[in-house]
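*Asks:* Can you keep this structure in mind? I'll have questions shortly.
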Amino acid sequence: MRRRIFTATTMFFAASLNFALMTFGQSNNQGEPQKSSARAGSITGRVVNESGKPMRNVRVFVGGSGRQSVRRTVNTDEAGRFVADDLPRGSYAITVQASGYVLVRDPGDTVHHRPGDSVNLVLKKGAAIAGTVTNSDGDPVVGVQMSAILVRDAQGRSVFGSYGSGRYTDDRGVYRLFGLSAGTYVVVAGSKILGSSMLTAYGDDAPTYYPSSTRDTAGEVTLQYGGEATGIDIRYRGEHGYAISGSIADGSMSDWLNTSVSVQLMQASNDTVEGQAFTQPRGTERAFAFYGVTDGDYYVTARRGPYQSDDGAASKRIPVKVRGRDVTGVGISLAPLGSIAGRLTLDLATKDVKCETKPAPAVEETLVSISTDDTDSSDPSSRFASILITPDKTGDFVFQGLPAASYRLDSRMLLDEAWYLRAMTVAGPTNTPVDASSRGIVVRPGQRINGVRFVLGQGAASIRGRVVAEKEGASLPDRLRVHLVPAEPNSAEDTLRFIEAEVQSDNSFRLVNVAPGRYWLLARQLPEEESKKRLVRPQAWNAAARAGLRREAAASNVAIDLKPCQRVADYQLRYTPPKEGPQPKRT
Amino acid sequence: MFSLARTTGLAATMIIALAATVPAHPPLQASQTKESTGSISGRVTIGDVGARGVTVLLVSADNAPIERPVAKSTSDQDGHFQMKGVPAGSYLLQAFAPALVAASDNVFGRQGKAINIIEGEAVEGVDIALRTGGVITGRVTDAEGQPLIQENVRLFSVHEQGRKQAIYLSNNLPSNSMFSTDDRGVYRLFGVPPGRYIVSVGVDTNGPNARINTGNTYYPLTYHPDVTEEGKATVIELASGSEATGVDIVLGRPSTGYSVSGRIVDAVTGKPVVGMMYGYGALDAQSGRLNVSSFTSSTSNARGEFRLDGVTPGSYAAFASPASDSEMYSDRAPFTIGDGDVAGLVVKVHVGSSIIGNVIIEGVDGQPGAPRLSEIRFGVSSGSLNVAPRNSPVRIAPDGSFRTTGLPRGIAGFSMYYPAPKGLALLRVERDGVEQKNGIEVGSGEEISGVKVVFAYGTGAIRGQVKVEGGDIPGAAMMYLSIRRAGTNQSLNMRTPTPDSRGRFLIDGLLPGEYELSLLFQTRAAPAVAGAPPIISRDVKQTVTVTNRAESQVTMLVDLKPNDR
């Protein structure tokens, strides 16, 4: 049995293509008072379906996010219960896999848990899409690969770069895709998204989208959990698609020759993956090719492992335009990957206020996140992705395998509301710490950045509440976000004190892990463009936006003084629409 | 591995892309073929009637993974197809028609008609006879009527005397697509040749299996309609083009697997080994080898403890799985599951020996197209039955040096990994200049240097022609070639091609030397020959001398006249 390395490839590709679904800015806590202080070494839980019926013999993956973390696979018993025991202190991501079902979490729920936690997981029956594929003669198209591509999630937000499971049409041309999340899809016959080692008649065809269209004019199918869309029939066009081919050069490392390189073809406009190719060395060159490509604008990128190390390599996005003929000679250059290393410390100095008499979290229970921040991209729907890891017991952490880019690090995804991020610094030119929160950290190809420091302080406050309309009974618009803006003059530029959170569909919001101090509260509507994205770029990252926020916040002058460990509940924040322009209505 | 924060079920719709050997060569353009004028034409029939709209693919007959067709054509109203601009070479012609059934022209796996074509040749009359395949469809449910989702269905053909044979439909579709139930528990097998079949789901606990991460319960092998005894399974009689519906399988209560627990310890110090992956395999009673092994991604805990769940009754061996570049190797710890859990198993891990050496390729001489050191993959195995399997190829540095570690005491054997570049063969292994015919003897904790692994690159070829004395090659003839070095009993580690319908074949990538070529020729006797055996079989042997960069011509002459005794 040869162990496949490709799962690691796609995991990283997935990460770098917006698969991580994190609302940035606020810790996604369960919103309950902290669990008992005993950090027993087990995470227990129960997996049920939508009606609360226990799901037995379902696989639960409990995985630590650190370098030496434990990963466990356990199965639920007859009562749907599972136990992952013997877990060292740390934060563990929990996922569930059950054929035909989808793990659905509430928007505020956290993916990570600590030993001692008890977790309730809900599996919803996935949705299905079925139909028949025929050609222009009315004959069934047999053995063509079908895919459902998620374009908007259940909340209507755009999802970039997402793709769905592939099955094949049968002898009647009938297909059925199942186990799908709720959301809106386009359906495609003959896509090359999954690559293909099968020799078929469709390899050179441009894919056909439901009902008989290109991607731009594709019909959409909206699904609910447990629902089914039938009659999604496709009239297969079988138009000849073009080829994109070229070769990959790797100047960085000599011993790469035994490793596979994966190449992705992506739509330039929305980062959807059109095709994947894995190349092995063949003689002196690494050639790659994609077939069945329609006219359009694309990017090609390549990556090579080993991934969990300093030795991988990746390329920039190489634009490719297809206009009515094959494109040859595309050169991809792999550049070495960099890393960012640092240390997180919990400041246990007695100056701070301890919120409750319970032990401080261990450093290995915290989470550090990294996101790409492509400010120089002309495309505002920037390639925003997020990866989380936990530090070692010493607080050391390292993000490896980073392509050259600008990154933002954060550690607000804390599982403990008593702590806040006090400072984030990086070693400056003279090795003195320099604030790293207001600008991104730029990694050049192969650059190793050390000396990032996170300091977490105790005594964090939190605010929970609701946004209310100006006039009683009036409706609130969509896409609201709540902002905490530091009101103290000497905190005006402290990026870490600008905190924002999404307002949920019941108008509630939650701001946690807030440093004590004086703030303004502001409810704003996100511009439509921004709101369509799955991950919203925090206002705090841009100096001009920070200044704009301060002005708005000062003008509306809703101030609050947060004392250490203060827990504000039931705060009513009034939303005042901007004076100019028409009154936004709830759509 | 980076952990991704996943909040919703998009995780379920995320795809782990299939490992694909995808086109690595640029597309075949008309200009690149230097105006090849070869052509292939023929007719596709379904049930003897010309079939319209069937796609026919021409693929290279090389043993390398198939990338994409060299040529493609779709049959017209009368079933005729034609491919133009075909370069000289060895090919297989196959119809892409998953719902149809073709006579299998190439017994050893590769489907399709073998065709050897020379430059500019027009090969005509390559007819492909297809039949409509049958369909077997049904639903798999548990004892409570709930559908089983993504459960694998197995198809067996039943012969006279009740022997059964597992069937994997070779129709160019990934088997998990068809043989796996959907969310309603429904499966649909199509393109099934006519015959008698039984269908089952579940775990065959009589056969070797090493289930991992699949849960504590499992369904025992259950046949349609709902029986666990093969003899009571309902046989489905499938005629050509017929559809057998309602081939449902109702499962009984699931059985519970057992658990196996133990510790991984250092063989010398006895200290627990923390954080190591492990696995287990099914032991073959006769050979002592592991028939099938599974590796779990779980790791031993802080006390070196490990646990396997869902193990079905049988004989197994557990082992630790050190990283591929580790200095350690693991013993196998045998255990048997009867009707209870097993605890207290001890798996010992040792520091192994290392071999340092160099790889060279002889016979390359700067030839264009010769393989490079980077393309070689070879493995070193101990052959000991007490030691856990290792399965990664040795990494070769660009200068040809290598270091492999974690070797147990014993004889280390070297072997080449496939697929490998054509013409490459492992010739010999030397230690300090002395050939080690039986492998290298490895002691405990040794570092062995001065090893040279010599590969050879052969560019010789045999171009052959099968002829039937006094006539043509009958259409129904089956021809099987085998080749071995003259004077040895060792057959070459290569797949020999099948002669095409005109008796032509090409064997290339051979090292220079003398070879013995054997042809097994079988055909049906002409009817109305009373007393003659139904199948005529002939063995023809020829000795051929092969030199590099040259084609040796050979004719295999078959005499079909009855043997006079």
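*Asks:* Per residue of A:326-333, count partner chain C-beta atoms within 10 Å of its C-beta, then hand back the mean as an integer.
*Replies:* Working: counts 3, 0, 3, 1, 0, 0, 0, 0.
If you average over the peptide's residues, the count of other-chain Cβ atoms is 1.
*Asks:* Also, I was wondering about something else. Could you work out how far the C-alpha centroid of the stretch A:470-508 sits from that of the stretch A:415-459, in angstrom?
*Replies:* If you average the Cα positions of each part, the centres end up 25 Å apart.
*Asks:* Leaving out ligands, DNA and RNA but keeping every protein chain, what accessible area does A:THR132 have, in Å² rounded to the nearest 10, with a 1.4 Å probe?
*Replies:* Looks like 40 Å² after rounding.
*Asks:* Name the shape class, rounded, prolate or oblate, that the alpha-carbon gyration tensor gives for the stretch B:170-243, where a ≥ b ≥ c are the square roots of its eigenvalues, rounded holds for a/c under 1.5, and otherwise prolate holds if a/b is larger than b/c and oblate otherwise.
*Replies:* It comes out oblate by the Cα gyration axes.
*Asks:* Does any residue of the stretch A:285-302 lose at least 20 Å² of accessible area with all protein chains in place compared with its chain alone, and if so which ones (probe 1.4 Å)?
*Replies:* By number: A:ALA287, A:ALA289, A:TYR291.
*Asks:* Considering only the other residues whose Cβ falls under 15 Å of the Cβ of B:SER261, what net charge follows from Lys and Arg at +1 and Asp and Glu at -1?
*Replies:* Numbers: positive: A:ARG72, B:ARG263, B:ARG303, B:ARG307; negative: A:ASP85, A:ASP86, B:GLU305, B:ASP309, B:ASP341.
Around B:SER261, the charge tally is -1.
*Asks:* Ignoring ligands and nucleic acids, what accessible area does B:ILE212 show with a 1.4 Å probe (Å², nearest 10)?
*Replies:* Here the residue's solvent-accessible area equals roughly 40 Å².
*Asks:* So what's the net charge close to B:THR555: Lys and Arg +1, Asp and Glu -1, counting the other residues with Cβ under 14 Å from its Cβ?
*Replies:* Numbers: positive: B:ARG463, B:LYS467, B:ARG502, B:ARG504, B:LYS541; negative: B:GLU469, B:GLU551, B:ASP559.
Overall, the nearby charge balance is +2.
*Asks:* Right, here's the next one. For the stretch A:127-235, what is the accessible area per residue in Å², given a 1.4 Å probe and the full set of protein chains?
*Replies:* Per residue, the stretch A:127-235 has an accessible area of 31 Å².
*Asks:* Using 18 Å as the cut-off for backbone N distance, which residues of the stretch B:296-312 belong to the label zone defined by a point 7 Å from the Cα of B:ASP339 along Cα→Cβ?
*Replies:* From the stretch B:296-312, the list is B:311-312.
*Asks:* Moving on to the next point. Find the relative contact order for chain B and round it to a whole percent, using C-alpha pairs within less than 8 Å whose residues are 6+ positions apart.
*Replies:* 9
*Asks:* Can you give me the % of accessible surface on the stretch B:166-240 that is carbon or sulfur? Probe 1.4 Å, all protein chains present, nothing else counted. Provide the component values of the computation, followed by the final result.
*Replies:* Details: 1450 of 2940 Å².
C and S atoms contribute 49 percent here.
*Asks:* Taking a 1.4 Å probe, which of B:HIS80, B:HIS350, A:HIS483 shows the most accessible area, and what order do the others take after it? Write down the numbers at each step before the final one.
*Replies:* Working: B:HIS80 85, B:HIS350 45, A:HIS483 5 Å².
Putting B:HIS80, B:HIS350, A:HIS483 in descending order of accessible area: B:HIS80, B:HIS350, A:HIS483.
*Asks:* Counting only protein heavy atoms and rolling a 1.4 Å probe, how much accessible area do B and A lose on contact, total for both sides, in Å² to 100?
*Replies:* 8200
*Asks:* Here's another thing I want to ask about it. Would you work out the relative contact order for the stretch A:127-235, in percent, from Cα pairs under 8 angstrom that are 6 or more residues apart?
*Replies:* Relative contact order comes out at 35 percent.
*Asks:* Among B:LYS422/B:LYS541; A:LYS354/A:LYS563; A:LYS53/A:LYS125; A:LYS471/A:LYS579; B:LYS422/B:LYS452, which pairs are too far apart, with a Cα-Cα distance over 18 Å?
*Replies:* B:LYS422/B:LYS541; B:LYS422/B:LYS452
*Asks:* In the stretch A:45-60, which residues become less accessible by 40 Å² or more once every protein chain is in place, relative to the chain on its own, using a 1.4 Å probe?
*Replies:* Those residues are A:ARG56, A:ASN57.
*Asks:* Between B:ARG431 and A:ASN120, what is the label-point separation in nm under the 7 Å Cα-to-beta-carbon projection?
*Replies:* In this crude spin-label approximation the distance works out to 6.6 nm.
*Asks:* Report in % the part of the accessible area of the stretch A:462-574 that belongs to carbon and sulfur, leaving out ligands and nucleic acids; probe 1.4 Å. Please list the in-between numbers first.
*Replies:* Working: 2320 of 5120 Å².
Taking all protein chains in place, the stretch A:462-574 shows 45 percent carbon and sulfur surface.
*Asks:* Between B:SER294 and B:SER415, what length comes free when the chain is fully extended (0.36 nm per residue of separation minus the Cα-Cα distance, one decimal in nm)?
*Replies:* In short, 41.3 nm is gained.
*Asks:* If you don't mind, another one. Send over a whole-number figure in Å² for the accessible area per residue of chain B, probe 1.4 Å. Present the calculation step by step, with values, prior to reporting the outcome.
*Replies:* Working: 26410 Å² over 565 residues.
It amounts to 47 Å² per residue over chain B.
*Asks:* Once you have a ≥ b ≥ c as the square roots of the Cα gyration tensor eigenvalues for chain B, tell me rounded if a/c is under 1.5, and otherwise prolate or oblate according to whether a/b is larger than b/c.
*Replies:* It is oblate, given that a/c is not under 1.5 and a/b is not larger than b/c.
*Asks:* Return one whole number: the accessible area per residue of the stretch A:390-547 in Å², for a 1.4 Å probe. Show your work: numbers first, answer last.
*Replies:* On the way: 6100 Å² over 158 residues.
On a per-residue basis, the stretch A:390-547 sits at 39 Å².
*Asks:* Would you tell me the mean number of C-beta atoms belonging to other protein chains that fall within 10 Å of each C-beta in A:168-181, as a whole number?
*Replies:* Per residue, the number of nearby Cβ atoms from other chains is 6 on average.
*Asks:* If you take the square roots of the eigenvalues of the alpha-carbon gyration tensor of the stretch A:462-574 and sort them as a ≥ b ≥ c, do you get rounded (a/c under 1.5), prolate (a/b over b/c) or oblate?
*Replies:* Judged from the Cα gyration tensor, the stretch A:462-574 comes out oblate (a/c at least 1.5, b/c at or above a/b).
*Asks:* Ranked from the most accessible area to the least, with a 1.4 Å probe and all protein chains present, what is the order of B:ASP266, A:ASP410, A:ASP506?
*Replies:* Per-residue accessible area, sorted high to low, gives A:ASP506, B:ASP266, A:ASP410.
*Asks:* Turning to a different aspect of this structure: Probe 1.4 Å, all protein chains in place: accessible area of B:THR137 in Å², nearest 10?
*Replies:* Probe radius 1.4 Å; accessible area of B:THR137 about 20 Å².
*Asks:* Of the accessible area of the stretch B:258-297, with the probe set at 1.4 angstrom, what percent is carbon plus sulfur?
*Replies:* 50
*Asks:* Given labels modelled 7 Å from the Cα in the Cβ direction, how far is it in nm from B:ILE167 to A:ARG67?
*Replies:* Using points 7 Å along Cα→Cβ, the separation is 5.5 nm.
*Asks:* In whole Å, what is the distance between the alpha-carbon centres of the stretch A:514-531 and the stretch B:265-340?
*Replies:* Going from one Cα centre to the other spans 54 Å.
The values are calculated or read from the model by the stated rules, or taken from the named source; none is laboratory data. Keep in mind the model is a prediction, meaning the values are calculated, not measured. All Cβ positions, even for glycine, are placed from backbone atoms using ideal geometry, and neighbour counts span all protein chains on display. The area values use the complete protein model at the heavy-atom level, side chains included, leaving out ligands, DNA and RNA. Shrake-Rupley method; radii C 1.70, N 1.55, O 1.52, S 1.80 Å.
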